[in-house]
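All remarks here apply to the structure that follows.
The values are calculated or read from the model by the stated rules, or taken from the named source; none is laboratory data. What you are looking at is a predicted structure, and each value in this text was computed from that prediction instead of being measured. Cβ coordinates were reconstructed from backbone atoms using ideal geometry, including for glycine residues, and neighbour counts include every protein chain displayed. The protein model used for the area step is the full one, side chains on, heavy atoms only, and it has no ligands, DNA or RNA in it. Shrake-Rupley method; radii C 1.70, N 1.55, O 1.52, S 1.80 Å.
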Amino acid sequence: MKLILHIGQQKTGSTSLQSFLFDNYKSLIDKGYLYPKSLGIEYKKQHLLFKEHKPSNNNGESLKAPLLQEIKDKNASTVIISDENLYSGILVEKEKISAFLTSIFDEIDIIIYL
């Protein structure tokens, strides 16, 4: 399964992209893409991998089952995650988030807005 991970520095248009993905949830699913709601979406835009869930607390296990269930339910082949907080996050957290994501996805493309 493939992940497209969007990491946008503040003030690079990330909110517009996130709003588009959120607003087009059904159309994306129809094409095999999932912008998962199970990861928590703040203010109808970004995911909260770093800010709220902090995988260091439990290595992301509390996120894994709901995410995998949503992927299965929606029959998604590609997942899109967008989280601005990953850009400036703590290195230890980034390493744990990386381990969490690589335990789920076979292929990860990272897009960084600077």
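Note on A65 and Q9: the model spin-label points, each 7 Å out from Cα along the C-beta direction, lie 4.0 nm apart. The Cα trace of segment 72-114 gives Rg and Dmax of 11.9, 34 Å, the first to one decimal, the second as a whole number.
Taking the 1.4 Å solvent-accessible surface of segment 74-114 as the whole, the part contributed by carbon and sulfur is 52%.
Spin-label model, Y113 to E95: label points 7 Å out along the Cα-to-beta-carbon direction sit 3.0 nm apart. Summing +1 for each Lys or Arg and -1 for each Asp or Glu among the other residues whose beta-carbon sits under 10 angstrom from that of H6 gives -3.
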